[in-house]
Amino acid sequence: MSTDIDQLWGPEEEQALMDSIDHWIEKSVAPIAREYDLEDKYPHQLVEEMKDLGLFGATISPEYGGLGLPARIYARIVIKVSSVWMAPTGIFNSHLIVASAIERCGTEAQKRKYLPRMATGELRAALGLTEPNAGTDLQAIRTVARREGDHYVINGAKTWITNSLHGNMALLLTKTDPGAQPRHKGMSMFIAEKGEGFVVAKKLQKSGYKAIDTCELVFQDYRVPADCLLGGEEGRGFHHAIGGLELGRINVAARGCGIAEGALRLSVRYAQERTTFGKPIAEHQAIQLKLGEMAARVEASKLLIDSAANAYDKGERCDMEAGMAKYFATETGAFCAQEGMRIFGGYSYSVEYDIERFHRDAMLMCIGEGTNEMQRIIISRQLVARNPI
């Protein structure tokens with residue numbers, strides 16, 4: 001699998017794609033980032049351009065109309081976009097996690113029905129895992145799917161769901177057997193297109209990650225055909241969900257790294273423009289120490305992301321590698337954004353400077369896709385499991 005991907009995306013093909021992404025960022029993303037963030041305005045035009053670039057099919061196999069990008073190239077795209085404006089990457093990230101789950105776990109009929117339309121962006125997907133009482137502990141969800149003839153009837157609620165307002169489908173984690181022990185054996189996932197009983201209840205107001213739809217969903221006797229049960233078998237939902245988190249964590253690591261790289265780029269430029277005591281602040285040792293630390297952490301983050309992405313592309317288990325990349329790169333994003341605020345000084349609190357947005361966006365990466373506290377537990381457990389005595 002890895003060899004086929006490498007043949008499809010050699011150095012020349014990768015460079016051509018990256019040049020296209022660079023041009024798009026310069027032409028379309030950078031000019032609107034500040035305005036759309038401050039007004040919390042959804043970037044509809046960017047979505048249309050993402051369709052043209054093939055980003056909604058980035059990691060979907062060419063067999064189903066996607067680009068078939070390896071995770072390593074996909075992560076580099078996310079870093080590039082996030083170094084200018086992190087929020088738009090969330091539009092195709094959640095979507096691609098859903099696509100990955102369908103391609104990995106779905107029936108052939110499900111793959112043929114959904115993946116080609118997802119690759120073009122005709123269908124844009126949300127990942128419905130989190131609930132008001134269940135985040136990291138997915139087994140605590142309360143949304144229930146009950147079989148009735150050739151349908152399932154779903155009741156429950158989801159929250160913090162990206163793509164839920166402007167998207168048109170969701171992959172829902174439910175309980176088909178609420179009394180099952182252990183709990184994960186009673187969980188199933190459904191491919192759910194919007195319809196009667198699928199209610200977008202409220203758009204959530206956030207301190208950062210603005211312009212992107214993040215909502216609460218309510219399911220009130222929502223009926224979904226039985227053939228929308230992912231994989232066609234009940235009781236596999238928990239495994240389907242956690243299997244997609246590795247790609248999601250690589251993506252979030254890349255977003256954190258992009259924030260860090262963007263904050264560093266802004267800081268290096270500002271440190272050469274701003275003068276105090278008769279010289280640019282870049283010549284003050286205190287600022288040099290900050291820039292040096294920021295640069296080293298950015299490069300280390302890229303190496304960890306590459307390590308996780310390469311393992312993912314080879315089909316190897318990479319929960320520890322993805323956890324390391326997610327933990328370190330997102331902490332680096334928060335660190336560099338904060339150091340950037342210090343370098344900019346008082347101006348950093350003005351919305352006229354992009355470093356303020358980077359600072360607001362950074363913290364979400366430390367929390368989302370599994371908290372960084374949980375990542376360290378995953379790393380530790382895997383370290384012990386891989387090194388028995």
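The values are calculated or read from the model by the stated rules, or taken from the named source; none is laboratory data. Note that the structure is a prediction, hence the values are computed from the model and not measured. Cβ: placed from backbone, ideal geometry, glycine included. Neighbour counts: every protein chain shown. For the accessible areas, the whole protein counts, side chains as well, though only heavy atoms, and no ligand, DNA or RNA atoms are used. Shrake-Rupley method; radii C 1.70, N 1.55, O 1.52, S 1.80 Å.
Details
- In the stretch 46-73, the residues that are closer than 19 Å to His166 by Cβ form Cβ pairs under 6 Å with partners that are buried (at least 22 other Cβ atoms within 10 Å of the Cβ) and among the hydroxyl-bearing types (Ser, Thr, Tyr), at six or more places apart or across chains, as follows: Ala58/Tyr74.
- Here Phe238 meets each of (1) modelled with pLDDT of 95 or more; (2) of a type in the set (A, V, I, L, M, F, W, C); (3) over 16 Å from the mean Cα position of the chain (by Cα) with one exception, condition (1).
- Any hit, the stretch 346-364, residues being in contact with a Leu (Cβ under 7 Å, 6 or more places away or on another chain), part of a helix (DSSP H, G or I) and buried (at least 21 other Cβ atoms within 10 Å of the Cβ): yes
- You will find that of Leu289, Leu303, the residue that is within 21 Å of Tyr74 (Cα to Cα), free of Cβ contacts under 8 Å to residues at least 60 places away in the same chain and open to solvent by 70 Å² or more (accessible area, probe 1.4 Å) is Leu303 and no other.
- Meets criteria (closer than 23 Å to Leu96 by Cα, surrounded by fewer than 18 Cβ atoms within 10 Å (Cβ to Cβ) and within 19 Å of the chain's Cα centre (by Cα)) for Asp319: no
For every residue, the table says whether it meets (1) out of contact with any Leu (no Cβ under 9 Å at 6 or more places or on another chain); (2) assigned to a helix (DSSP H, G or I); (3) open to solvent by 10 Å² or more (accessible area, probe 1.4 Å); (4) not basic (Lys, Arg).
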residue: Tyr42; (1), (2), (3), (4): no, no, yes, yes
residue: Leu46; (1), (2), (3), (4): yes, yes, no, yes
residue: Met50; (1), (2), (3), (4): yes, yes, no, yes
residue: Gly66; (1), (2), (3), (4): no, no, yes, yes
residue: Ile73; (1), (2), (3), (4): no, yes, no, yes
residue: Lys80; (1), (2), (3), (4): yes, yes, yes, no
residue: Ile91; (1), (2), (3), (4): no, yes, no, yes
residue: Ala101; (1), (2), (3), (4): no, yes, no, yes
residue: Arg104; (1), (2), (3), (4): yes, yes, yes, no
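- Long-range neighbours under 6 Å by Cβ, at least six apart or interchain, first residue under 11 Å from Arg274 (Cβ atoms) and free of Cβ contacts under 8 Å to residues at least 12 places away in the same chain within the stretch 339-361, second among the hydrophobic types (A, V, I, L, M, F, W, C) and open to solvent by less than 30 Å² (accessible area, probe 1.4 Å): none
- Selection within the stretch 52-64 - assigned to a helix (DSSP H, G or I) and either touching a His at 6+ places or on another chain (Cβ under 8 Å) or closer than 18 Å to Asp306 by Cα (or both): Phe56
- Listed by position, the strands (runs of 3 or more DSSP E) inside the stretch 186-304 whose residues that are farther than 30 Å from Leu38 by Cα number at least 2 are 187-193, 214-225.
- Residue count for the stretch 10-38 under the criterion of being open to solvent by 80 Å² or more (accessible area, probe 1.4 Å) and touching a residue at least 60 places away in the same chain (Cβ under 8 Å): the result is 2.
- Residue list for the stretch 167-193, restricted to those being surrounded by fewer than 17 Cβ atoms within 10 Å (Cβ to Cβ) and under 19 Å from the mean Cα position of the chain (by Cα): Asn168
- Check on Glu261, touching a residue at least 12 places away in the same chain (Cβ under 8 Å) and surrounded by 24 or more Cβ atoms within 10 Å (Cβ to Cβ): yes
- Residue ranges of strands (runs of 3 or more DSSP E) in the stretch 133-179 with at least 1 members touching a residue at least 24 places away in the same chain (Cβ under 8 Å) and at positive phi: 151-162
- For the criterion of being of a type in the set (Val, Ile, Thr), on the phi < 0 side of the Ramachandran plot and crowded, with 19+ Cβ neighbours inside 10 Å, Thr59 passes.
Every residue, every condition in (1) surrounded by fewer than 16 Cβ atoms within 10 Å (Cβ to Cβ); (2) out of contact with any Leu (no Cβ under 8 Å at 6 or more places or on another chain); (3) of a type outside the set (Gly, Ala, Ser), yes or no:
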position	(1), (2), (3)
Glu293	yes, yes, yes
Gly315	yes, yes, no
Tyr327	no, yes, yes
Ile377	yes, yes, yes
